[in-house]
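Scroll down for the structure; my scribbles are underneath it.
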Amino acid sequence: QVSAPKKTESSKVDPAKADSTKSELTTGNATPLTEGNEDSEVDKKALREILEDEIIDSLQGVDKQAAEQIFAEIVVHGDEVHWDDIAGLESAKYSLKEAVVYPFLRPDLFRGLREPVRGMLLFGPPGTGKTMLARAVATESRSTFFSISASSLTSKYLGESEKLVRALFAIAKKLSPSIVFVDEIDSIMGSRNNENENESSRRIKNEFLVQWSSLSSAAAGSNKNEGTGSNNNNDEDDTRVLVLAATNLPWSIDEAARRRFVRRQYIPLPEDQTRYVQLKKLLSYQKHTLTDLDFDELVKITEGFSGSDITSLAKDAAMGPLRDLGDKLLETDRDMIRPIGLVDFKSSLQYIKPSVSQDGLVKYEEWASQFGSSG
Ligand code: ADP
């Protein structure tokens, strides 16, 4: 799950849509902060607050406190993950480029029939790279990125959650192009039939669906203008808001919500080649003795592992040479520590097991063939 993001200096403002305050802020961002630059850090912070206040004041019908909370807790920009950091998943990357990145970077090409989708779901077993993909999209699409989890939207005060949802969409529209990324979407979009569903989660879900629909109707409005020859992108910018979501439990998503995710991209367990690439990457900066044949063997024995299982395995194996040393580790020179070998992986494999069961996998594949988008 994406943790509540911290505000960073590079946060949230899309340079492309700069008004005067925004451009000031953006220009400010171009100068890297150094430790001796505290004054400018303070200036920027103040400037950012002014900008936030301006935006909040300009939003009508939006609760001020809720808007502040969205800014304070939710808005992040470009968490630096790039496509190349993610092993494999070529078709998912391609789908995301086509559905999100290209339309955001070249809105002029994606109109009318090519109108981008408003909802995309990434589903599959845990630890397969869904969150990483979302972060890469944030980096590559240069959009304002709202990373939210159910817990950041749920409030114990009745009615507060709906205000947060409204504020979220209002700010997302204001700062468009924007991506609203919801991790573990199943927890706020659970099926209506679920007996455990309580009043407050039903209300959040309904508000979310209402706000999301309002994006589609705005898009329908801009569709009408298509073909008028107008080159003015501004109206359409308001509609460049996409809900991107991830789930390990696609079958528990409410049907109405499921339909709104026009693209439903299966993120499966990594194939041989992907595991190979990931293992190579993980070991690329380490001293090791693994030969090509060893890698081939590792690829075979890690069949059924998720990307995060592989990361855990490699981390554990990397501890092997240190474990051998016991307390001697404290006085051993770094250069004297033996390289990581296949033997370390084999011993870690005794207790690092795949986290997804075969039965579990079948369930994902069935759901993918019934509801997934092909390709
Ligand atoms: P998910 O959101 O699908 O549960 P994450 O994207 O959070 O999974 O991945 C968890 C961790 O597993 C990542 O931080 C990364 O270390 C590793 N990982 C998973 N898939 C990949 C991949 N395709 N390439 C590289 N690392 C991966």
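The values are calculated or read from the model by the stated rules, or taken from the named source; none is laboratory data. As the structure is a prediction and not an experimental result, all values here were calculated from the model. In this analysis, Cβ positions are derived from the backbone assuming ideal geometry, glycine residues included, and neighbour counts consider all displayed protein chains. Areas reflect the complete protein model, heavy atoms only, side chains present, ligands, DNA and RNA absent. Shrake-Rupley method; radii C 1.70, N 1.55, O 1.52, S 1.80 Å.
Name every residue in segment 110-130 that is at pLDDT 90 or above, farther than 18 Å from residue 241 by Cβ and either in a helix (DSSP H, G or I) or hydrophobic (A, V, I, L, M, F, W, C) (or both), in order of residue number.
Answer for segment 110-130, where residues must be at pLDDT 90 or above, farther than 18 Å from residue 241 by Cβ and either in a helix (DSSP H, G or I) or hydrophobic (A, V, I, L, M, F, W, C) (or both): 123, 130.
Determine which single condition residue 310 fails, assuming it passes every other condition in (1) of a type outside the set (Asp, Glu); (2) in a helix (DSSP H, G or I); (3) surrounded by fewer than 19 Cβ atoms within 10 Å (Cβ to Cβ).
Only one criterion in (1) of a type outside the set (Asp, Glu); (2) in a helix (DSSP H, G or I); (3) surrounded by fewer than 19 Cβ atoms within 10 Å (Cβ to Cβ) is unmet by residue 310, namely (3).
Taking the condition of being within 7 Å of the ligand (Cβ to nearest atom) and either assigned to a strand (DSSP E or B) or of a type outside the set (A, V, I, L, M) (or both), how many residues in segment 131-145 meet it?
1
Within segment 258-282, take every residue that is assigned to a helix (DSSP H, G or I) and more than 12 Å from the ligand (Cβ to nearest atom) and give me the one that is least open to solvent (accessible area, probe 1.4 Å).
Checked segment 258-282; the qualifying residue least open to solvent (accessible area, probe 1.4 Å) is 258.
Which of the residues that make up segment 132-148 are surrounded by fewer than 21 Cβ atoms within 10 Å (Cβ to Cβ) and among the hydroxyl-bearing types (Ser, Thr, Tyr)?
Of everything in segment 132-148, just one residue is surrounded by fewer than 21 Cβ atoms within 10 Å (Cβ to Cβ) and among the hydroxyl-bearing types (Ser, Thr, Tyr), namely 139.
Taking the stated definitions as given, is residue 113 open to solvent by 20 Å² or more (accessible area, probe 1.4 Å) and out of contact with any helix residue (DSSP H, G or I) (no Cβ under 7 Å at 6 or more places or on another chain)?
Judged against the criteria, residue 113 is a match.
Test each condition in (1) charged (D, E, K, R); (2) away from the ligand (no atom under 15 Å from the Cβ); (3) out of contact with any Gly (no Cβ under 8 Å at 6 or more places or on another chain); (4) open to solvent by 40 Å² or more (accessible area, probe 1.4 Å) for residue 118 and report the one that comes out false.
Answer for residue 118: the failing condition is (4).
Name the residues in segment 283-304 that are closer than 18 Å to residue 353 by Cα, within 16 Å of the ligand (Cβ to nearest atom) and open to solvent by 80 Å² or more (accessible area, probe 1.4 Å), would you?
Result: 303, single match.
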